[in-house]
Amino acid sequence: MAASIRLLARRIVRDASRNINSSVSGRIVRSSCPSNLSACRCFSDGATDKSTHFGFETVPEGEKAERVYKVFESVAQKYDVMNDAMSLGVHRLWKDMLLHVMNPQPGMRLLDVAGGTGDISFRFLDYVRSQQERVARRTARANQTPSWQEISTSYTPPTEGIEMETEARESRAVVCDINKEMLKVGKQKAESMGVSSGLSWVVGDAEELPFDDDQFDVYTIAFGIRNVTHIDLALQEAVRVLKPGGRFMCLEFSKVTNPLLSRLYDAYSFQMIPVLGEVIAGDWKSYQYLVESIRKFPDQETFKRMIEEAGFFSVRYHNLTGGVVALHSGFKL
């Protein structure tokens with residue numbers, strides 16, 4: 001309830017600010033939002049004067065969110081298959097690297113924004129579970145010759161305090177995505193994998209997250225932030241929902257550093273990926289947009305500065321596969 005009230009208050013303040021800024025010749029432009037537009041946020045009429053990119057196409061800001069929504073609604077069912085086909089499976093290694101750098105510990109709360117089909121969250125829960133099993137094995141080896149007191153304790157029913165501590169240390173992942181079709185596919189994957197504990201699915205906009213302040217230990221967004229209309233607002237929301245000491249991690253396509261690799265990558269991207277999209281997903285245009293959106297995204301250093309300007313500290317990035325992908329990381333103090 002508190003989150004809903006705060007979200008409404010932020011919208012009122014933001015809309016008021018936009019209306020003031022869009023005043024022309026002493027006249028305030030009223031805000032309007034089509035009632036049937038479920039995919040994007042309300043923008044004032046003045047916002048239509050502003051434009052942004054949708055791939056290589058220039059569109060009004062208020063139109064981009066709806067068009068991006070339709071792209072992912074179209075590709076949702078074949079999204080995971082296309083990821084394997086486009087990257088030749090290498091996307092799995094990139095995501096594994098994100099988890100390796102994150103090194104999550106039991107009890108952490110993860111917010112996986114633009115999490116779609118749940119790849120990052122599934123890896124997060126698996127990683128934490130493996131950590132717990134490793135600790136349990138280490139403890140078992142240390143107790144191979146227990147004393148009689150330890151044997152006695154092992155047969156004692158757990159107290160309420162211990163149960164509460166175990167429950168408190170359970171890691172949780174929240175997959176948040178604006179696209180209901182992507183979440184639907186993610187839920188189906190979770191059911192087929194038998195994953196239910198510690199995982200939840202929330203429809204939400206990266207620019208206006210439906211969560212209270214200081215809620216999460218880690219915020220991840222993998223291959224999603226380039227599709228956000230206002231990246232600065234998404235970064236500000238990341239700062240808001242993270243706990244002090246929380247970590248922001250972004251895995252995104254970036255700028256290739258090697259000239260030869262760059263030429264090969266461009267040729268493959270523009271000539272092969274849309275074809276794969278047509279053959280596998282029956283959708284050339286959506287994958288043409290995805291290729292173009294990668295080229296419009298800021299380079300590694302520019303995005304690093306954007307993260308710092310949002311309020312994060314100790315911001316760093318690692319290039320993966322020669323800069324095809326970059327992993328950016330920063331902390332909230």
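Every read-out reported here was derived from the displayed coordinates using simple, explicitly stated rules and does not represent laboratory data. Keep in mind that what you see is a predicted model, and the values were worked out from it rather than measured. As a convention, Cβ positions derive from the backbone with ideal geometry for all residues, glycine included, and neighbour counts pool all protein chains shown.
So what's the net charge close to R123: Lys and Arg +1, Asp and Glu -1, counting the other residues with Cβ under 14 Å from its Cβ?
Charge balance in the 14 Å sphere: -1.
Kindly flag which residue pairs out of K189/K332; K64/K180; K184/K332; K70/K184; K189/K304 have an alpha-carbon separation exceeding 26 Å in this structure.
Details: K189/K332 32 Å; K64/K180 17 Å; K184/K332 31 Å; K70/K184 15 Å; K189/K304 33 Å.
Going by Cα-Cα distance, K189/K332; K184/K332; K189/K304 fall outside the 26 Å limit.
Sum up the charges of everything whose Cβ sits under 12 Å from the Cβ of A222, counting Lys and Arg as +1 and Asp and Glu as -1, but leave A222 out.
Numbers: positive: R92, K95, R123, R226; negative: D96, D112, D119, D177, E252.
Overall, the nearby charge balance is -1.
Cβ neighbours within 10 Å, averaged per peptide: list 257-269, 179-191 in order, most packed at the top. Provide the component values of the computation, followed by the final result.
Working: 257-269: 13.0, 179-191: 18.2.
Most protected by this proxy first, the peptides run 179-191, 257-269.
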